[in-house]
Number of protein chains: 2
Amino acid sequence: MNRHVDNDLSDLKDLLLSMGGCVERAIDEVHEGMINKSEKHFDRVREQEKAINKLHSKVDKKCLRILARQAPVATDLRLVLSVVKINTDLERMGDQCMNILHNARDYMAAGGSEVPKEFHEMKRQVRVMVKTALDAFVRQDLALCRDVLDNDDVVDDFRNQIVDSLKLKMKSNPDEMDIYLHLIMIAKNMERMADHATNIAEGVIFVITGDDIRHGRSMTEPS
Amino acid sequence: MNRHVDNDLSDLKDLLLSMGGCVERAIDEVHEGMINKSEKHFDRVREQEKAINKLHSKVDKKCLRILARQAPVATDLRLVLSVVKINTDLERMGDQCMNILHNARDYMAAGGSEVPKEFHEMKRQVRVMVKTALDAFVRQDLALCRDVLDNDDVVDDFRNQIVDSLKLKMKSNPDEMDIYLHLIMIAKNMERMADHATNIAEGVIFVITGDDIRHGRSMTEPS
């Protein structure tokens, strides 16, 4: 077997980790910007998103080159295919940060003042999920993948609590409806980031075990 | 070159088209269910979504097998990689139909009666985008890809108009807030389906030209 592929796969992992770092920073910066009403932080989100997009194209190009030149098989092939998908998930997380940024700015423009404290904990959970999913990828660690999948339910619960509480506030303060609507959109965007982290964990499980658990069945089952 | 790959790629295209057909039917059925308040139509959405998920796993497995056994290159390789991504987009569209179903049921439970007529035209546009994206894929037709990209702006405008109009209604009828909130979520889910159709068109452009237009730059540019 041609083990030049090892160097290529190692480069690919490094690129994906750089991208993950950008996503983590974008999550931090958009949250800081929202809390502190700070354009400086929002500018940094935009910078991170540009970097994410650049890496997105680069990772796809690298995967294509590895498949064309090395024709990897078995675990190596599953790794490259999973990177293609993880790459998409990370890029979408960048988009979600930009969506949050737009909603946060509209929230401020509509007169929103203090972001409800539940958002801090939800952001923390999402951030942990992204970091854990990337750690699971680097270490090829099934236990970490399971942690991510478990945390997804926690984030869903957070989202439901936040949305329910915001709906009640909307009803008692219809004049501030726009403010609460933007917060609901932010909570939904955060929950979608958690979904992408879950996709990454499922991708890592596929690399390690060859099992496709996305729809509750194995890829080794009869098709 | 091993042209066994031609048969495999042809099978792969057929699988993806079957999946696209399921997505189109799911869009029709969820809309009918919403308009007619009919559980019968919602049951059919659930059936289509199950079929979509089954095909999703099958297509991924087939792509993996083609890459492992045939080691395709150039256009064939780009085609397989694009199918991996289009497969994800179609599966997510199935998820969106299920999200619309849940919101439509909550909308009815909250006392919602007639669905605003703008939804019919928005659904029609989204349906056209999905069909055109799949036609573009089958015929490998750049002009059809461009049609999809142009239509995405039309759907975005629809979503904005619908959301603005619903917000006004919410303000004048705060008691019916839940009803309008569910409709806003449905409009947002429909717009996300249009985004997935756009992703498919971008993927087809990549197969035909080798150009990655997703972030406004070419994959042949220096990295």
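The values are calculated or read from the model by the stated rules, or taken from the named source; none is laboratory data. Every value quoted in this text rests on a predicted model; they were computed, and no experiment measured them. Cβ coordinates were reconstructed from backbone atoms using ideal geometry, including for glycine residues, and neighbour counts include every protein chain displayed. Areas reflect the complete protein model, heavy atoms only, side chains present, ligands, DNA and RNA absent. Shrake-Rupley method; radii C 1.70, N 1.55, O 1.52, S 1.80 Å.
Under 8 Å between Cβ atoms, which residue pairs at least 6 apart in sequence (or on different chains) link something in segment A:141-164 that is open to solvent by less than 70 Å² (accessible area, probe 1.4 Å) with a partner that is part of a helix (DSSP H, G or I) and aromatic (Phe, Trp, Tyr)?
Qualifying pairs under 8 Å: A:Ile162/A:Phe119.
I'd like the residue in segment A:35-57 that is open to solvent by less than 40 Å² (accessible area, probe 1.4 Å), of a type in the set (S, T, N, Q) and closer than 16 Å to A:Leu101 by Cα and, out of all such residues, is farthest from the other protein chains (Cβ to nearest Cβ).
First, the residues of segment A:35-57 that are open to solvent by less than 40 Å² (accessible area, probe 1.4 Å): A:38, A:41-42, A:45, A:48-49, A:51-53, A:55-57.
Adding the requirement that they be of a type in the set (S, T, N, Q) leaves A:38, A:48, A:53, A:57.
After this cut, where a residue has to be closer than 16 Å to A:Leu101 by Cα as well, the list is A:38, A:48.
Working: A:Ser38: 26, A:Gln48: 14 Å.
Step by step, filter segment A:35-57, then rank; the result is A:Ser38.
What number of residues within segment A:119-140 satisfy the criterion of being among the acidic types (Asp, Glu) and open to solvent by 60 Å² or more (accessible area, probe 1.4 Å)? Can you show your working first?
The initial filter retains those residues of segment A:119-140 that are among the acidic types (Asp, Glu), namely A:121, A:135.
Restricting the remaining residues to those that are open to solvent by 60 Å² or more (accessible area, probe 1.4 Å) gives A:121.
Qualifying residue count, segment A:119-140: 1.
Table: residues versus (1) more than 17 Å from the chain's Cα centre (by Cα); (2) more than 13 Å from chain A (Cβ to nearest Cβ); (3) among the β-branched types (Val, Ile, Thr); (4) part of a helix (DSSP H, G or I).
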position	(1), (2), (3), (4)
B:Phe137	no, yes, no, yes
B:Ala143	yes, yes, no, yes
B:Leu149	no, yes, no, yes
B:Val163	yes, no, yes, yes
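Give the residues of segment B:162-210 that are modelled with pLDDT under 95, among the acidic types (Asp, Glu) and touching a Phe, Trp or Tyr at 6+ places or on another chain (Cβ under 9 Å), sorted by residue number.
Within segment B:162-210, just B:Asp178 meets the criteria.
Just one of the numbered conditions (1) closer than 25 Å to A:Asp60 by Cα; (2) open to solvent by less than 30 Å² (accessible area, probe 1.4 Å); (3) in contact (Cβ under 8 Å) with a residue 40 or more places away in the chain is not true of B:Thr88; which one?
(3)
A quick yes/no check of all residues on (1) at pLDDT 95 or above; (2) aliphatic (A, V, I, L, M); (3) touching a helix residue (DSSP H, G or I) at 6+ places or on another chain (Cβ under 7 Å):
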position	(1), (2), (3)
B:Val45	yes, yes, yes
B:Lys58	yes, no, yes
B:Cys63	yes, no, yes
B:Val84	yes, yes, yes
B:Leu90	yes, yes, yes
B:Asp95	yes, no, no
B:Asn99	yes, no, yes
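Kindly indicate whether B:Asn99 is within 11 Å of chain A (Cβ to nearest Cβ) and assigned to a helix (DSSP H, G or I).
Numbers: within 11 Å of chain A (Cβ to nearest Cβ): yes; assigned to a helix (DSSP H, G or I): yes.
The answer is yes for B:Asn99.
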